[in-house]
Amino acid sequence: MDTVSQKGRQIGLAGGVESVESARGLSLTWVIGTILPLVILASWQLASSREWVDPVFLPAPSTVVTAFWTMLTQQDLILDFLVSINIVIQGFVYGAVAAVVLGIAAGLSKRFEQFVSPTFNTIRHIPGIAWLPLIVLWLGLGAPAKILVISKTVFFPVFLNTLQGVRGVDEKYIELSRVLKMSRFQLIRKIVLPAATPSIMVSLRYAAGLAWALVVVAEGLSGLQGLGFLIFRAQGLLLTDQLLVCMVLIGLVGFVIDRSMYVAERRILRWRQGFDG
Amino acid sequence: MDRTSETAGADAEPWEDHRLKIRGLSKRFSIPGRRPLEVIQNANLDIAPGEFVSLVGPSGCGKSTLLRLIAGIDGDYQGRIEFEGRLIEGPGLDRGIVFQDHRLLPWLTLAKNIELGLLNADYSAQEQRHLVQSHIELVGLGGFEEAWPHELSGGMAQRGAIARGLVSQPSLLLMDEPFGALDALTRVHLQGELLSIWRAEGISMLLVTHDVDEAIFLSNRVVVMGSNPGRIVRVFEIGSEVRANRTGDEFNHLKQQVLEAMGEISESVFVV
């Protein structure tokens, strides 16, 4: 028994060493990852200060930072930002929840899949943006129309991946569930859902990116609020500095969304023996 | 209950003497357009309480099918399989099972995996915790409760599977080549541990294996099956003095007899 508990401790120790190494690896990752943005920023500054490009087409980074400060303090940048984020989060949650629930149902029942798949496959091929004009007619220019369009865009990748994940559950685990006398609900809760989670997580991360990109377009096409509205208004008024502020902000938020989804995925799938590259 | 005592009466033996009683068991697989394949033909087998029985035989002799029928995973057979006086209808927590692959769920820790065996058993939360912990200790995995299955070696994972099979306190443990995927050293080690687990638990065990050495070392009786059609060919009683010395002459002699019954070596080789 002693040797066994010692082994247990050794595993704990190995875990400690690993985390020290990964901390060192993390700082190196940051350094490597920031090189390219710094080079781009430097070239941008150089191009503006040497006046290689007309400021109307590409204002200097410092001008953009000033514009950011003005928008933040004297205009409603925060409000517009929150409007966009709110639409994305709502659309993402509704779409993802509906997709996982229906995906599991379709995965478990061939009949249900046959029932919905022709309809879903047709709707899927009509882009979210193509739905927007009709939905705006129904729901008006406000947030609900955009939330619905984003839900639709999030729904399909998540639905298809959930379905595929459920179908990919190893037959041996189903047999185990019979031996352990599991009920249908226990089978879903203890085996089907966890087994499908890797596949679901990949699609959620992908769909989160789609949702954030789509909100900008949707706001540009309808309504008078949000980052998408700001970006198209800036173009109309030739406020290139404001346009760039919005672009950089959209890019950074997208980056943060993707990183958080990645961290969540790592946390949820920590049982998996992965290849870290 | 009435029917039970009737059947038991026919053999003039109470069912308590037979934890498992198989009479005239046949199983066919029919593939359309072909002659139905007789996987098991007219098999009769009893297992007494606390007895350790091994099934050996060439591949395709139906030994795994027989185990799956007893487990209740497969059905659709002719004949009778009685377990503790009742006909088997599907799987039950009174019969534990260990597969060749450990089949621990990768998304649950070792302790949670073993707890699955109690998911539908009638124990209080406190009893469950106690049972899980004592079975982890029984298979020598204390300290690994929170480990993920991928962090365990093949031998450790298989011990976890044995703990899961035992945790609901079945009176019969069915094992389908449980050590088949392990290296020789781990296998010998685990055979020794299985023997002490069997002695500690005092339950009946049925082991399917292709390793004759393993079968003789572990069992009170070795049942040899033959193929085409799958049937029971011979039954060997193994005396405890034979099992005690794994390298002894008696052990080797018996091993050759078993192998011969399996058709693995011919009479002439045996005589030489």
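The values are calculated or read from the model by the stated rules, or taken from the named source; none is laboratory data. All of these numbers come straight from a predicted model, not from anything done at the bench. All Cβ positions, even for glycine, are placed from backbone atoms using ideal geometry, and neighbour counts span all protein chains on display.
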*Report, by residue number, each residue of the stretch B:126-158 that is more than 25 Å from A:Arg270 (Cα to Cα) and either hydroxyl-bearing (Ser, Thr, Tyr) or in contact with a Leu (Cβ under 9 Å, 6 or more places away or on another chain) (or both).*
B:Glu127, B:Gln128, B:Leu131, B:Ser134, B:His135, B:Leu138, B:Val139
*Return the pairs, sorted by first residue and then second, in which the second residue is at pLDDT below 85, the first residue lies in the stretch B:242-270 and is among the polar types (S, T, N, Q), the beta carbons are less than 6 Å apart, and the residues are 6+ apart or on different chains.*
B:Gln256/B:Phe270
*Output the residues belonging to the stretch A:147-181 that are assigned to a loop (DSSP other than H, G, I, E, B) and surrounded by 20 or more Cβ atoms within 10 Å (Cβ to Cβ).*
A:Leu180
*asked:* It is to be established whether one or more residues within the stretch B:203-215 are in contact with a Ser or Thr (Cβ under 8 Å, 6 or more places away or on another chain), touching a residue at least 60 places away in the same chain (Cβ under 8 Å), more than 13 Å from chain A (Cβ to nearest Cβ) and in a helix (DSSP H, G or I).
replied: yes
*Working only within the stretch A:232-277, note down all residues that are assigned to a helix (DSSP H, G or I), among the small types (Gly, Ala, Ser) and within 14 Å of chain B (Cβ to nearest Cβ).*
none
*Which one of these does A:Ile104 not meet: (1) surrounded by fewer than 19 Cβ atoms within 10 Å (Cβ to Cβ); (2) assigned by TED's automatic domain parsing to the domain that holds A:Phe255?*
(1)
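Give me the residue from the stretch B:80-99 that is more than 14 Å from chain A (Cβ to nearest Cβ) and crowded, with 16+ Cβ neighbours inside 10 Å and, out of that set, modelled with the lowest pLDDT.
Per the stated criteria, the residue is B:Gly85.
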_Odd one out for A:Lys190, checked against (1) crowded, with 19+ Cβ neighbours inside 10 Å; (2) outside any helix (DSSP H, G or I); (3) in contact (Cβ under 8 Å) with a residue 12 or more places away in the chain_ = (2)
